[in-house]
Amino acid sequence: MTQPRSARFLIVGPQGSGKGTQGVLIAEAFGVPAVSTGDIFRANIAGETELGLQVQAIIESGELVPDALTSELVRDRLSQDDAAKGFLLDGYPRNRGQVADLDAFLGDRGESLDAVIELVVPRAESIERISKRAIEQGRTDDTEEVIANRLAIYERETAPILAVYRESGLVTEIDGVGGLDEVTSRIFAALAERGLVPPVAV
Ligand code: AMP
């Protein structure tokens, strides 16, 4: 089995679409790191780092962390050796400014994205899943009011970035409703149609 030249993916979907879980599975299969900006911020908050203290109040309100700070964090992470052949970004870019930042970073390196995976989940279903996660994980930004704010920001700022990537033919839309394995299979099938097949261990 030949290994794809690169595996640079974005996974985009509303909160509660399952993108975190699916993202990790895809990244593992392709042997690339799954980079979740939300996870990085949460780890910094838990570790009470300077960055954590800086972003805590913003995250608890459901607003977005400023682009300059977020993009710098992502550039640093993607510059590490393990991301040389690829990465799966979850939760970034989240608006047009971040799309431009990522484009500039990849462009400077002579790299480009291979696919943007859009997980499509109806609003009612995402709210139900986030409420369930709130009980299971106790995230401080999973309260009803903050969830509503985060979904509104997704619809206003993040959903429109898909139009940009759609123009470049990068977006593969995946029905995110169904069992975990079922959705994973749909993603792998859609990537395979684009010639993106995970390397097979021999
Ligand atoms: P997530 O786990 O992706 O839902 O992210 C949790 C929170 O982290 C978001 O509600 C934002 O406050 C912040 N965050 C995560 N990714 C970004 C990003 N790309 N730009 C700005 N803020 C972000």
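The values are calculated or read from the model by the stated rules, or taken from the named source; none is laboratory data. On a predicted model such as this, the values are computed, not experimentally measured, just so you know. In this analysis, Cβ positions are derived from the backbone assuming ideal geometry, glycine residues included, and neighbour counts consider all displayed protein chains. In case anyone asks, the SASA skips ligands and DNA or RNA and just uses the protein heavy atoms, side chains included. Shrake-Rupley method; radii C 1.70, N 1.55, O 1.52, S 1.80 Å.
In table form, for the structure just shown:
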| quantity | calculated |
| --- | --- |
| Unit charges at the beta carbon, dipole of the chain: most positive-side option, Val146, Gly107, Ser131 | Gly107 |
| Relative pair counts by distance (%), Cα atoms of segment 72-111, 10 Å bins | 28, 64, 8 |
| Top of Ser112, Ser185, Ser126 by mean-square fluctuation, Gaussian network on the chain, Cα under 10 Å | Ser185 |
| Per-residue [θ]222 nm for the chain (sum of -39500 (n - 2.57) over DSSP H runs n ≥ 4, rounded to 500) | -16500 deg cm²/dmol |
| Charged-residue dipole, Cβ positions (Lys, Arg, Asp, Glu), the chain about Cα centre, Debye nearest 20 | 400 debye |
| Alpha-carbon gyration tensor eigenvalues x 5, square-rooted, for segment 105-172, Å | 30, 14, 12 |
| For segment 144-183, fraction of C-alpha pairs farther apart than 14 Å, in % | 64 percent |
| With every protein chain in place, segment 39-101: carbon and sulfur % of accessible area (1.4 Å) | 50 percent |
| Cα-derived Rg over Rh, computed across segment 128-202 with Rh taken as Kirkwood radius | 1.08 |
| Highest-MSF residue in the chain out of Gln22, Gln56, Gln80 [GNM, Cα springs under 10 Å] | Gln80 |
| Alpha carbon convex hull of the chain, projected area averaged over orientations, nm² | 11.5 nm² |
| Kirkwood-Stokes translational diffusion coefficient of segment 78-195, alpha-carbon pairs, 20 °C, 1.002 mPa s, µm²/s | 132 µm²/s |
| Taking the convex hull of Cα positions in segment 21-67, its mean projected area over all directions (nm²) | 4.0 nm² |
| Amide N of segment 92-133 lying under 12 Å from the label point, which is placed 7 angstrom from the Cα of Ala163 along Cα→Cβ | 96 |
| Residue-normalised accessible area of segment 40-90, expressed per residue, 1.4 Å probe, Å² | 53 Å² |
| Rg followed by Dmax, in Å, when segment 1-105 is reduced to its Cα trace | 14.0, 48 |
| Debye log10 I(q)/I(0) at q = 0.14 Å⁻¹ for segment 1-46, Cα point scatterers | -0.40 |
